[in-house]
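Report on one structure; see the data block that follows.
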Amino acid sequence: MNFEQLDTYLRSKQGVTFDYPFDEKVRVYRIGEKMFALTSEDRPVSVNLKCDPIYALELRSLYKGIIGGYHMNKKHWNTVTVEDSDVDEETVKELIDHSYDLVYEKLTKKQKALLG
């Protein structure tokens, strides 16, 4: 999976916006103003994704391409290498969905209603 494919999938989720709050390279994807993913075009392409803490540990033990979130709370975030990695595209998409769902569940009823 390259950056363009990753970006397209991240932006395909309902209500997703992105911005560059840290610098001109690091793109943060949000749902209801809460971050669920961040990435950059640096090579190899990777993405930080929110994850259930127990599942995060399991994933790190199964894949070399998944480590504790770089510059993030390693209990709740994983960094997933998506390019030239042992993590296949389908798994990356599942992890994006998982991250999105975790953040969506924490939104208020009003925020969810605004998203549609």
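The values are calculated or read from the model by the stated rules, or taken from the named source; none is laboratory data. Because the structure is predicted, anything quoted here is derived from the model rather than measured. Every residue, glycine as well, gets a Cβ built from its backbone with ideal geometry; the counts of neighbours run over all protein chains shown. We work out accessible area using only protein heavy atoms, side chains counted, and drop any ligands, DNA or RNA first. Shrake-Rupley method; radii C 1.70, N 1.55, O 1.52, S 1.80 Å.
Taking THR17, THR79, THR39 as the candidate residues, the one with maximal mean-square fluctuation in a Gaussian network model of the chain, Cα springs under 10 Å, is THR17. Once you order the gyration tensor axes a ≥ b ≥ c over the Cα atoms, which shape class does the stretch 1-56 get: rounded for a/c under 1.5, otherwise prolate or oblate by comparing a/b with b/c? Note, shape of the stretch 1-56 comes out rounded. Here's how it looks for ALA37: its modeled amide H is under 5 Å from those of TYR29, which are all 5 or more places away or on a different chain.
Tally Lys and Arg at +1 and Asp and Glu at -1 over the other residues with C-beta under 15 Å from the C-beta of ILE66: what net charge comes out? Display every interim value, and only then the final one.
On the way: positive: LYS50, ARG60, LYS64, LYS74, LYS75, LYS93; negative: ASP52, GLU58, GLU83, ASP84, ASP86, ASP88, GLU89, GLU90, GLU94.
With Lys, Arg at +1 and Asp, Glu at -1, the neighbours total -3.
In a reduced charge model with +1 at each Lys and Arg Cβ and -1 at each Asp and Glu Cβ, the chain shows a dipole moment near 720 debye about its Cα centre.
Using only alpha carbon positions, build the gyration tensor of the chain, then give the equivalent ellipsoid semi-axes as the square roots of 5 times its eigenvalues, largest first, whole angstrom.
Working: eigenvalues 94, 54, 33 Å².
Those come to 22, 16, 13 Å.
The GNM of the chain, with springs linking C-alpha atoms under 10 angstrom apart, assigns the highest mean-square fluctuation among ASP42, ASP52, ASP101 to ASP42. GNM on the chain, alpha-carbon springs under 10 angstrom: the most fluctuating residue among GLU83, GLU24, GLU58 is GLU24.
Put TYR70, TYR9, TYR100 in order of accessible area, highest first, and with a 1.4 Å probe you get TYR70, TYR9, TYR100.
The share of C-alpha pairs in the stretch 52-116 whose separation exceeds 18 Å stands at 41 percent. Around ARG27, what is the net charge, scoring Lys/Arg as +1 and Asp/Glu as -1 over all other residues with Cβ under 13 Å from its Cβ? Around ARG27, the charge tally is -4.
In the complete set of protein chains, residue-level accessible area for ILE31 is approximately 0 Å², probe 1.4 angstrom.
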